[in-house]
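What follows draws every value from the coordinates through simple rules; no lab data is involved. This is a predicted model, so every value here is computed, not measured. Positions of Cβ are backbone-derived with ideal geometry, glycine not excepted, and every protein chain shown enters the neighbour counts.
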Amino acid sequence: MAGSVKVKVCKDAGDVAVQAAQMIAKAIKANPRIVLGLATGSTPEGTYAELAKLNKAKQAPFAGVTTFNLDEYWGLDGDHDQSYRHFMNTRLFDKVDVRPWNTHVLDGTADNPMLECQAFETKILAVGGVDLWLLGIGGNGHVAFNEPGSSVDSRTRLVSLTQETIDANSDGRFFKKASDVPRCALSAGIGTIREARSILLLATGEKKARAVADAVDGPFTPDCPASLLQDHPNCTFIVDKAAASLLGKK
Ligand code: F6R
């Protein structure tokens, strides 16, 4: 099964951002009413900055675009400065002409997490599914908050974060200390993500090299959730040289 993911290697993280933003802008031009799936984290920040520039230059109009985000910390209100709703507003939504009511981020304070997750899936179905889902990848191969062991047909649900993910998100980039990081999150499932018509996964830096190699060259296994994208008909990884450094060495 390995080998059907297309991999584009760029010289550095800046180049990954430019390439990814150009691909997304092209997709928006081809379909101005596109449904985009989006990710948070450090990796797509450069892409969002590039998209904001392209939007200003009228190369990536967001007025007709609908978005769905992968995940949200459980217990964080959208106004919390570490919530993914806040991340998306400040990194992208406030900088482009997207209609706020067309942006969907799971509510981390919903009364009933199961209903919130079901409603999220229903909204995706109601708009005809996601055309392009932008993803990052965790050092342990997670996509969204689907940690190792997540099943290929998992749906949007309340999940627990692994200690590795908690530590990665409290290294000073986001939360200051591990005890500040919520232990759970609402996350789109692997099955939810796999239904997108195309997938664009970004990875930069040597910390991601092992996960990228396992995802692309390794077995199709829940031990590396990103490997469960291998049989997707339209999945591209855009990675920098450092993240590509272990590819082809299995
Ligand atoms: C974010 C998400 C996560 C991140 C991953 C990598 O919405 O779903 O899977 O993509 O943890 O994070 P960064 O980019 O911060 O290394």
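Taken as Cα centroids, region 155-170 and region 79-117 sit 18 Å apart, rounded to the nearest whole angstrom. Counting every C-alpha pair in region 1-137, the share spaced more than 18 angstrom apart comes to 56%. Taking amide H as placed 1.01 Å from N in the peptide plane, ARG99 has its amide H under 5 Å from the amide H of VAL65, each at least 5 places away in sequence or on another chain.
Annotation: region 1-50 has a Kirkwood hydrodynamic radius of 12.3 angstrom, from the mean reciprocal C-alpha pair distance. Using the Cβ of THR204 as centre and a radius below 12 Å, the other residues enclosed give a net charge of -1, where K and R count +1 and D and E count -1.
Taking every C-alpha pair closer than 8 Å and separated by at least 6 residues, the mean separation divided by the residue count of region 6-202 gives a relative contact order of 23 percent. Calculated mean residue ellipticity at 222 nm for the chain: -8500 deg cm²/dmol, from DSSP H runs with n ≥ 4 weighted as -39500 (n - 2.57), summed, divided by the residue count and rounded to 500.
With the convex hull drawn around the C-alpha atoms of the chain, the volume per residue stands at 110 Å³. Report the residues of region 135-173 in range of a label on LEU115: point 7 Å along Cα→C-beta, backbone N strictly under 17 Å from it. Residues 157-158 qualify, since their backbone N sits under 17 Å from the label point.
Classified by the C-alpha gyration tensor, region 121-250 has an oblate form. Its axis ratio a/c, with a ≥ b ≥ c, is 1.5 or above, and a/b does not exceed b/c. Distance between the 7 Å Cα→Cβ label points at VAL127 and VAL9: 3.6 nm.
Excluding ASN112 itself, calculate the net charge of residues whose Cβ lies under 15 Å from the Cβ of ASN112, where each Lys or Arg counts +1 and each Asp or Glu counts -1. Overall, the nearby charge balance is -4.
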